[in-house]
Amino acid sequence: MRARPGEDRVMTLHRAWWLRFAVILLGTVAVGGCAPARRLPDVPYVVTPDRVIAEMLRVASVGPDDLLYDLGSGDGRIVIAAARQFGTRGVGIEIDPALVEVANENARQAGVTQLVRFVHGDIFVADFSKATVVMLYLLPELNLRLRPRLLTELAPGTRVVSHNYDMGNWVPQRSLRVTVDHRDHYVYFWVVPAAHLRPS
């Protein structure tokens, strides 16, 4: 089956992530840990299957009036899918500059550059406060680290969707199971509550 635009490069980048980690680690050891190393992503990039993306967009009821932020956007496929299918404006924030290039090229090939943009940045310091929808595919500890910002910086009513991992005692309003190639994926959905209803 023919790969989609950018997909071969994404898989190469995914394999190269671990190689870069090893090179940087060995380089740091070689100089006695004195040289500052470029910060690596907190989690390696893993592709979200199309069926899971479809469920994430469906459960969030995204539309043309939304501003969707994907925190850790990889090759941009979630943001691009929302733009193509629903006319949703979107911003992807990604710490790996090579993936940002792939995402912007994928947006160009999909014809949605007027709706979306992808930026190199750290999701733990980037401003995403204007989002009406936030998408996540991180690790559990990163979800928990990000949760205070989601609850305090996003407006009440903002929709948050996470692939595979929840947010501790912030109970999701919906959870779905999606089976792809005999593997179960989970989609969790929250709505940011008013301040007095936020979990501690």
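Listed here are the strands (runs of 3 or more DSSP E) enclosed by segment 128-198 that have at least 3 residues being without any contact (Cβ under 8 Å) to a residue 24 or more places away in the chain: 174-180, 183-191. What about Asp70, is it outside any loop (DSSP other than H, G, I, E, B) and either β-branched (Val, Ile, Thr) or under 12 Å from the mean Cα position of the chain (by Cα) (or both)? Yes: the conditions hold for Asp70. Across segment 97-114, the number of residues qualifying as surrounded by fewer than 20 Cβ atoms within 10 Å (Cβ to Cβ) and not in a helix (DSSP H, G or I) comes to 3. Under the condition of being more than 18 Å from Val134 (Cβ to Cβ) and buried (at least 19 other Cβ atoms within 10 Å of the Cβ), the residues counted in segment 76-96 number 1.
Apart from one condition, Gly63 fits all of (1) over 16 Å from the mean Cα position of the chain (by Cα); (2) among the small types (Gly, Ala, Ser); (3) in a helix (DSSP H, G or I); the exception is (3).
The numbers here are math on the coordinates, done by the rules we state, and not lab data. Just so we're clear, the structure is a prediction, and the values are computed from it rather than from any experiment. Quick reminder, even Gly has a Cβ in these numbers, built from the backbone with ideal geometry, and neighbours come from all protein chains shown.
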